[in-house]
Structures are given as structure tokens and as C-alpha cells.
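Report on one structure; see the data block that follows.
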Amino acid sequence: MKTFAVAVAATLLLTGTAQAEPAHVAHASGKFEKFSETAKAVTYDEKVPSGAKVLVLGVPTISGGTTVILTLKGLLPNRAYGAHVHVNKCGKEPAAAGPHFQHVVDPKQPSVDPAYANPHNEIWLDVHTDGHGFAYTSSTVDWQFTDRHAQSVVVHNEHTHTKPGEAGTAGPRLACVNVQF
């Protein structure tokens, strides 16, 4: 993993960015546990068991986009989960992570308008675990975190809905991992 991160960083240095603030590689890993001020990954529900592992990697692309990779291990087997990048850090309560990070912010919150709540304006990382509770997914958007930054990835109870009036929703928040995008 360190070799990959070094290669990505070297590529960024060679290509540079024209943004107000250069994009950077974001990385977080850990085991889900009950909330504490030092917890990297927090579980709020037994559907994400304490001790399950998480890895998040956010990489700016040369073309000016961002790819986010999410790997989960030790979740319930053969189960769908939703996941999204959120604005705030994880907290004692699931709502502390705030809304989804949106590249173009919906003026009406909570955002359920598909014009804003969609996988091009937000980072959606829905997964389905295998028989061993392992899941991997990635999402690439055509924008980077520059002046505004996200601070977490939240795991939700179900895959993300797309219909008007419910777009972007994925049920209760089950877990959260702090990531400085």
C-alpha cells in the first residue's frame, strides 16, 4: 500500500494541479469499534460488527478527478450496504457526520433531488459482501477536493436509492470511518 501511495504522490508532483489548493491522497484504515475520541472507525449497529476492518483510499486522478476505494472485511455475509463520503467527522451519534459531500451543493437540505444526489455529484460506494463478509468497491468522479474537504465515509443499511424524493438515501447509518479528503 505504501508503494502505491508513493507512486500516486510522485505522479501528482510531476503533473501538478491548477486548483486553488492541491488535491492530496487520502488514506484511512482501522477496525470498527464503539465511539471514542480516538476511534478511527466507529460502529453504531451490530450489522457492522466491532472488529470488522475498513480501508479507504482517495486518489486524485491525472485528469482532474478523484477515485475513492473502499474495502470492508468482517461484515455480515451476503448483504447489501450503502456507503457515501460525508462532510463531517464521525461522532458519538450517527448524524454527526453530516450530509453527503456534494461537489455542487443542493440549496435544499436534506438533498433528495437526483439533480444533486447522484453518483456524479457525490461519491457513492455501495457494496454487497461475499459469503465471508468481504466487500470492495470504488467510485470515480470528475472533480477533486480542493477548497472544501470531506471528512468521513459512512456505511448505511442498504444500497443507495435514486428516485426523486429519496435520491441519495440508503437507510440508517450503521458505521463511520474518519478520512481527511
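Distance from the alpha carbon centroid of region 43-95 to that of region 117-181 works out to 7 angstrom.
Can you order the peptides 161-167, 114-120 by their average number of other Cβ atoms within 10 Å per residue, highest first? Each step should come with its number before you reach the end.
On the way: 161-167: 13.1, 114-120: 17.0.
Top of the packing list down: 114-120, 161-167.
Using a Gaussian network model on the chain with a 10 Å cutoff between Cα atoms, which of Lys40, Lys53, Lys108 fluctuates the most? Highest fluctuation among the options: Lys108. Helices in the chain, meaning DSSP H runs of at least 4 residues, each add -39500 (n - 2.57). Divided by all residues, the mean residue ellipticity at 222 nm is -2500 deg cm²/dmol.
Tell me the carbon and sulfur percent of the accessible area for region 36-98, rounded to whole percent, probe radius 1.4 Å. Don't skip to the answer; put the middle values down first.
Working: 1470 of 2680 Å².
Here it works out to 55 percent.
Computed on the chain, with alpha-carbon pairs under 8 angstrom and 6+ residues apart, the relative contact order is 26 percent. Label positions at Lys92 and Thr146, each projected 7 Å from the Cα along the C-beta direction, are separated by 3.9 nm. Summing +1 for each Lys or Arg and -1 for each Asp or Glu among the other residues whose beta-carbon sits under 10 angstrom from that of Ala96 gives +2.
Determine the sum of side-chain charges near Gly74: Lys and Arg each +1, Asp and Glu each -1, restricted to other residues whose C-beta is under 13 angstrom from that of Gly74.
Numbers: positive: Lys31, Lys47, Lys53, Lys73, Arg79; negative: Glu33, Glu46, Asp130.
Combined, the nearby Lys, Arg, Asp and Glu give +2.
Expressed per residue, the C-alpha convex hull volume of region 53-181 stands at 98 Å³. Excluding Ser36 itself, calculate the net charge of residues whose Cβ lies under 14 Å from the Cβ of Ser36, where each Lys or Arg counts +1 and each Asp or Glu counts -1. Residues near Ser36 contribute +2 overall.
May I ask you to derive the FRET efficiency for Ser63 and Thr162 from their Cβ-Cβ distance with R0 = 30 Å, giving the value to the nearest 0.05?
On the way: r = 26 Å, r/R0 = 0.85.
The value I calculate is 0.75.
Accessible surface calculations at 1.4 Å, restricted to protein heavy atoms, place the chain at 50 Å² per residue. Cross-link partners of Lys40 among lysines, defined as those whose alpha carbon lies under 28 angstrom from its own and excluding same-chain residues fewer than eight positions apart: Lys2, Lys31, Lys53, Lys73, Lys89, Lys92. Near Thr169, the amide H atoms lying under 5 Å from its own belong to His161; only residues 5 or more places off or on other chains count, and H is placed 1.01 Å from N.
The values are calculated or read from the model by the stated rules, or taken from the named source; none is laboratory data. Predicted model, so just to flag it, every value in this text is computed and none were measured. Cβ sites come from the backbone with ideal geometry, for glycine too, and all protein chains shown count toward neighbours. The accessibility values were calculated without ligands, DNA or RNA, using every heavy atom of the protein model including side chains. Shrake-Rupley method; radii C 1.70, N 1.55, O 1.52, S 1.80 Å.
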